[in-house]
Amino acid sequence: PKTHIKDQSENQRVFPSLPPTQIIASYPLPPTTTPTMSDPKKINVAMMTSGGLAPCLSSSIAHLTAYWAEALRSGKISSLTIRMYKDGYKGVLIGDSFLVPEEEWDACAALQDLGGSPIGNSRVKLTNVKDCVARGYVKEGETALETAAQQLIKDEINVLHTIGGDDTNTQAAELSKYILEKHGGKVVVVGMPKTIDNDVFPIRQTFGADTAATQGALYFENVVSESTANPRMLILHEVMGRDC
């Protein structure tokens, strides 16, 4: 299954500042394995946005940045770095990322009022090795999952937030499972369910779906009567969101 919400006791012990409802696509450390971090309160966080566009990518980054900054300031964690991987899983595979300076964390609140994604988007799939090799993201004979895992370990990432929809979080689950099995669970992968399709199980309402539906209805309301002006006019109003 894509989600393992019931198996989060170990994640909560290692990362007490993460609320249980946020851990969507992570796998617990096995009972016989001790945490690999020397100090579980020293956290290196990374974020990426992936998949189709939705009206919440920028605001999700703003919210997560504020959440972790508050965790540091309230003493729940002792140190924090925030890294952004550019263009979704592509950035993870090729190591294209940047650290957000601490003095800029509060300024990220401005992203609440912006659309798009300030760190770029892509539809790269870690399980599609042939495509990753063809694009030059992975060397011939290597797997995308191993390349991504090695990059996260190299960057000393403890928590990776994958902001995306069904495909993104399915890939996140695969990556988290792979890291657990091959590298002892060194990275907790946390899926942020954003999609206008509202199809991330078991989330009842994904980020972006309500805004997309509301704005789509408003647009239709504004143009629906235009066809009365001319008998030769035809209005086609195409909408998305298969599970809204």
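General remarks:
- The requirement of being assigned to a strand (DSSP E or B), open to solvent by 60 Å² or more (accessible area, probe 1.4 Å) and in contact with a helix residue (DSSP H, G or I) (Cβ under 8 Å, 6 or more places away or on another chain) is fulfilled somewhere in segment 198-212, by at least one residue.
- Segment 143-176: number of residues that are modelled with pLDDT under 90, surrounded by fewer than 24 Cβ atoms within 10 Å (Cβ to Cβ) and not hydroxyl-bearing (Ser, Thr, Tyr): 4
- Subset of segment 109-131 that is within 15 Å of the chain's Cα centre (by Cα) and under 23 Å from Ala62 (Cα atoms) - its residue that is surrounded by the fewest Cβ atoms within 10 Å (Cβ to Cβ): Gly116
- Considering (1) surrounded by 12 or more Cβ atoms within 10 Å (Cβ to Cβ); (2) over 30 Å from Ile43 (Cβ atoms); (3) at pLDDT below 80; (4) not hydroxyl-bearing (Ser, Thr, Tyr), the lone condition that Glu238 does not fulfil carries the number (1).
- Ala134 hydrophobic (A, V, I, L, M, F, W, C), open to solvent by 60 Å² or more (accessible area, probe 1.4 Å) and modelled with pLDDT of 90 or more: yes
- Only listed residue being at pLDDT 90 or above, over 30 Å from Glu238 (Cα atoms) and surrounded by fewer than 20 Cβ atoms within 10 Å (Cβ to Cβ), chosen from Lys182, Lys186: Lys182
- Residue match in segment 89-98 (condition: at pLDDT below 85 and farther than 30 Å from Asp199 by Cβ): no
The values are calculated or read from the model by the stated rules, or taken from the named source; none is laboratory data. Worth saying up front: this structure is predicted, and the values here are computed from it rather than measured. Please note: Cβ atoms are built from the backbone with ideal geometry, for glycine as well, and neighbour counts cover all protein chains shown. Side chains are part of the model used for accessible areas, which takes the heavy atoms of the whole protein and leaves out ligands, DNA and RNA. Shrake-Rupley method; radii C 1.70, N 1.55, O 1.52, S 1.80 Å.
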